[in-house]
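*Asks:* Next up is a structure, given as structure tokens.
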């Protein structure tokens, strides 16, 4: 069981624009032609921040449009937020506040031996890293630059704590997947 950050990033290190747009990403390739289909099969629970959840509501579930799509994940999902957010009927979504450590324990139990996916954003991933709970970072690096936006991982990770590159793979003309192991913290 691993706690993983699987995401996409622009070449200059942003996972979304300042307005939380991912429009830069979609022209770069088909998600089904990346490692995602195999990755998601091994995921037993998810965590995301409120901005990621709100993006999912706006772009995937589309509440209030009459064309409501279902929540795309069968796995239980924890949403870290200090504000009230609309739940998705029929989805196993748990809204939480506070530190990541106690929630990580709940996630592990619910995942039943499968991996935990920190869906986004960078600050939430940083909290898991700071608590020594992050095991792997998998980034689909896109062949675009944004100049500014939401950072991939707003933490300084250097020296003995530096990430260890474990693999590199190309997906189509626009994406390179980088896999990093996060060293155990002393």
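*Asks:* Out of the residues in the stretch 68-92 meeting the condition of being free of Cβ contacts under 8 Å to residues at least 24 places away in the same chain and within 23 Å of residue 42 (Cα to Cα), tell me which one is surrounded by the fewest Cβ atoms within 10 Å (Cβ to Cβ).
*Replies:* Once the filter is applied, the top-ranked residue is 90.
*Asks:* Also: Only one of these conditions is not met by residue 129: (1) crowded, with 18+ Cβ neighbours inside 10 Å; (2) closer than 15 Å to residue 2 by Cβ; (3) in contact with a strand residue (DSSP E or B) (Cβ under 6 Å, 6 or more places away or on another chain). Which number is it?
*Replies:* The failed condition is (3).
*Asks:* Restricting attention to the stretch 145-168, does a residue exist that is part of a loop (DSSP other than H, G, I, E, B), touching a strand residue (DSSP E or B) at 6+ places or on another chain (Cβ under 8 Å) and more than 23 Å from residue 18 (Cβ to Cβ)?
*Replies:* yes
*Asks:* Now for a different question. Exactly one of these conditions fails for residue 20: (1) in contact with a helix residue (DSSP H, G or I) (Cβ under 6 Å, 6 or more places away or on another chain); (2) buried (at least 20 other Cβ atoms within 10 Å of the Cβ); (3) not in a strand (DSSP E or B). Give me its number.
*Replies:* Condition not satisfied by residue 20: (2).
Here is a yes/no grid of residues against (1) at pLDDT below 95; (2) assigned to a loop (DSSP other than H, G, I, E, B); (3) in contact with a strand residue (DSSP E or B) (Cβ under 8 Å, 6 or more places away or on another chain):
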{"position": "4", "(1), (2), (3)": "no, no, yes"}
{"position": "8", "(1), (2), (3)": "no, no, yes"}
{"position": "38", "(1), (2), (3)": "no, no, no"}
{"position": "48", "(1), (2), (3)": "no, no, yes"}
{"position": "53", "(1), (2), (3)": "yes, no, yes"}
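The values are calculated or read from the model by the stated rules, or taken from the named source; none is laboratory data. Values in this document were obtained by computation on a predicted structure and should not be read as measured data. Neighbour counts are summed over all protein chains in view; Cβ atoms, including those assigned to glycine, are modelled from backbone coordinates with ideal geometry.
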